[in-house]
1. Is it fair to say F55 is touching a His at 6+ places or on another chain (Cβ under 8 Å) and aromatic (F, W, Y)?
2. Starting from region 179-208, take each residue that is without any contact (Cβ under 8 Å) to a residue 40 or more places away in the chain and list its partners that are small (G, A, S), counting only C-beta distances under 6 angstrom and pairs at least six apart or across chains.
3. Are any residues in region 120-152 farther than 21 Å from T102 by Cα and within 16 Å of the ligand (Cβ to nearest atom), and if so, which ones?
4. Going through region 169-188 one residue at a time, which ones are in contact with a helix residue (DSSP H, G or I) (Cβ under 8 Å, 6 or more places away or on another chain) and charged (D, E, K, R)?
5. All but one of (1) within 23 Å of I233 (Cα to Cα); (2) among the hydrophobic types (A, V, I, L, M, F, W, C); (3) surrounded by 22 or more Cβ atoms within 10 Å (Cβ to Cβ) hold for L167; which doesn't?
6. For region 200-239: of the residues being more than 16 Å from the ligand (Cβ to nearest atom) and of a type in the set (K, R), which is nearest to S11 (Cα to Cα)?
7. How many of the residues making up region 189-205 are over 13 Å from the mean Cα position of the chain (by Cα) and surrounded by 19 or more Cβ atoms within 10 Å (Cβ to Cβ)?
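The values are calculated or read from the model by the stated rules, or taken from the named source; none is laboratory data. What you are looking at is a predicted structure, and each value in this text was computed from that prediction instead of being measured. Positions of Cβ are backbone-derived with ideal geometry, glycine not excepted, and every protein chain shown enters the neighbour counts.
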Amino acid sequence: MLIDTHAHLDSPKFDDDREEMIARAREAGVDAIVNIGFNRETIPTTMALAEKYPFIYAAVGWHPTDAVDMKLEEDLAWIERLCAHPKVRAIGEIGLDYYWDTSPKDVQHVVFREQIRLARRLGKPIVIHNRDAHEDTVRLLREEKASEVGGVMHCFSGSWEIAKMCLDLNFYISFGGPVTFKNARVPKEVLKQVPLDRLLVETDAPYLAPHPHRGKRNESAYVRLAAEAAAEIKGLSLEEISEITSENARRLFGLPR
Ligand code: NI
């Protein structure tokens, strides 16, 4: 039994075979999936998936690369309304992205801060996207008191030093495809040190496919490969790591057994 804590199964990349892909995930033992809606296009499609499948849950938020497109007041109110939906379990993915640089940093900061404040007001955990912005992400989480609600650092790529700060802020650390890559020295080192009760696995499908599917389309069934890598690094069985990470996911997102 596994939980894919971060996926984009509403992506057009699945338009030809979405049903079959979701069926493969179920056959691979995926018990629940948290699908992420992160902008004007993907929030409605995420909600539609969550309404269609009982085992698919939703997180909704505004992605930092799309920060310039956000109508702050209006879209915050939209996200707030959606948070009342029983399948919406978190706000995200939100955060900072200094890699793509499609939205100015100051705009990203405002959008990020406002959504942390909303999450605190609603008592929802946060799903964090952080690319090449480790220090500022941690600083803003700290300044906005995100530890009150906690959440998950999705597809974590930082150092152990950064991971420690995130753990101190009441966040879980999630690993996906990259931790299966042979040359992924840092993520493997960090995973080794993350306490078992704060560890999650994910796919980020259709992106970041694990070995041996690297470079191809990712799908939720492959969360098993990330779990296998985590089991090996932690010196546990796949069964043990699946049980531990699923329990963590249920605790964080309030998912039923
Ligand atoms: Ni994502």
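1. In short, no.
2. Short answer, once both residue conditions are applied: V190/A163.
3. The answer is P125, I126, G151, V152.
4. Within region 169-188, just K188 meets the criteria.
5. (3)
6. K216
7. Number satisfying all stated conditions: 4.
To keep it simple, each residue is scored yes or no on (1) touching a Cys at 6+ places or on another chain (Cβ under 9 Å); (2) under 29 Å from G158 (Cα atoms); (3) among the acidic types (D, E).
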site: P12; (1), (2), (3): no, no, no
site: R24; (1), (2), (3): no, no, no
site: V34; (1), (2), (3): no, yes, no
site: W62; (1), (2), (3): no, yes, no
site: D69; (1), (2), (3): no, yes, yes
site: D75; (1), (2), (3): no, no, yes
site: G92; (1), (2), (3): no, yes, no
site: V111; (1), (2), (3): no, yes, no
